[in-house]
Amino acid sequence: MNHKTPFGPLHPPEKIEQKRVDAVHRALRWCETILSSTLWTPIIVGNSISLQRTINEQTIELFPLEAAYVDLGMKSRFAADHLPIHLNNSNACVRSTHSRPRPLHTDMIASMMLLLGRNEFNPAAVPRTLHSILTAEQRTSLPPPPPARQPYVPGRPSTSGREFLPESRILGLTRQNPNTIFTIQFEKRDGTLRNMTARIGVWNDVNGDENNTRVAEEAMSYNPADYNLKAVFDMENSQYRTIATDRVTMIAIGESTYRTTSYNE
């Protein structure tokens, strides 16, 4: 069934619950309300309407209907974890800093309309990938970035004295149980123990978004295996994380549980 929206027709998949469809419609109506009192200019392309404005000779374009596609698990030109925003006709790679619960992309587009819809806005609230819209004075006024993490030296042994399961067993168990939710306790590089409910593999979440830990590993700037790490999806925080495969004190996977005397309940 086609739904008429302020930014073009929308055909939600039947599998999407009505509650989510209604939330997306509310967000699109919010975008329409914001539009009337801001400097955004509607641009009609085919059956959809985007919003555009120029700030300091940089052109920003928002795509509310594409945001709705992402929210409803429909095919979109934009990745599920990116906001549908162009900067000078290229993907601006804007991502939300909140992942649990993940905000609606349509709500976030409305927030961007509010943030950048007037001549005066807060430079510190502008996403890093849009900093080119700021003046030199505005960039100078930005707070300093957080300090860089200290590099980890691969192969550095643990000094905690804890007993760990053989790394070969951990890697073997994760290979033998693909797409399985498991619990694990491991020692972080700072010496503290971390408990996690995680998953490795490829699957679609309740919103239809694909999660793929292999792709997440390939996107990293280093090879996790060189550091005795493995990318997993943290089920509690809905984020990709790494586990230390050489410092595991307990793993419960499949129908088996393995632990050492250093496991801390």
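The values are calculated or read from the model by the stated rules, or taken from the named source; none is laboratory data. Quantities reported herein were computed from a predicted structural model and do not represent experimental measurements. Please note: Cβ atoms are built from the backbone with ideal geometry, for glycine as well, and neighbour counts cover all protein chains shown.
Output the number of the condition that ASP71 fails; it satisfies all remaining conditions of (1) within 15 Å of the chain's Cα centre (by Cα); (2) without any contact (Cβ under 8 Å) to a residue 24 or more places away in the chain.
(2)
Per-residue answers, yes or no, for (1) closer than 28 Å to ASN237 by Cα; (2) crowded, with 19+ Cβ neighbours inside 10 Å:
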site	(1), (2)
LEU72	yes, yes
SER76	yes, yes
PRO103	yes, no
GLY117	no, no
PRO144	yes, no
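Okay, residues lined up against (1) modelled with pLDDT of 95 or more; (2) of a type in the set (Val, Ile, Thr); (3) assigned by TED's automatic domain parsing to the domain that holds LEU116; (4) on the phi > 0 side of the Ramachandran plot:
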{"residue": "ILE16", "(1), (2), (3), (4)": "no, yes, yes, no"}
{"residue": "ILE34", "(1), (2), (3), (4)": "yes, yes, yes, no"}
{"residue": "THR41", "(1), (2), (3), (4)": "yes, yes, yes, no"}
{"residue": "GLN58", "(1), (2), (3), (4)": "yes, no, yes, no"}
{"residue": "MET74", "(1), (2), (3), (4)": "no, no, yes, no"}
{"residue": "ALA79", "(1), (2), (3), (4)": "no, no, yes, no"}
{"residue": "ALA92", "(1), (2), (3), (4)": "no, no, yes, no"}
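So in the range 86-106, with the set limited to residues that are without any contact (Cβ under 8 Å) to a residue 40 or more places away in the chain and not in a loop (DSSP other than H, G, I, E, B), which one is nearest to PRO13 (Cα to Cα)?
Only one residue fits best here, namely HIS105.
Restrict the check to the range 196-217 and report whether at least one residue is surrounded by 12 or more Cβ atoms within 10 Å (Cβ to Cβ), more than 30 Å from VAL21 (Cα to Cα), among the basic types (Lys, Arg) and touching a helix residue (DSSP H, G or I) at 6+ places or on another chain (Cβ under 9 Å).
no
How about the range 53-65: which of its residues are part of a strand (DSSP E or B) and either under 21 Å from the mean Cα position of the chain (by Cα) or under 16 Å from PHE78 (Cβ atoms) (or both)?
Scanning the range 53-65 gives ILE60, GLU61, LEU62.
From the set of residues in the range 214-241 that are farther than 23 Å from LEU104 by Cα and among the hydroxyl-bearing types (Ser, Thr, Tyr), which is modelled with the lowest pLDDT?
So the first thing to find is which residues in the range 214-241 are farther than 23 Å from LEU104 by Cα, and the list is 214-215, 217-232.
Applying the additional criterion that residues be among the hydroxyl-bearing types (Ser, Thr, Tyr) yields 221-222, 227.
Numbers: SER221: 81, TYR222: 84, TYR227: 89.
Per the criteria, the residue is SER221.
Name the single residue that is nearest to THR242 (Cα to Cα) among those in the range 168-208 being of a type in the set (Asp, Glu) and at pLDDT below 95.
It comes out as ASP190.
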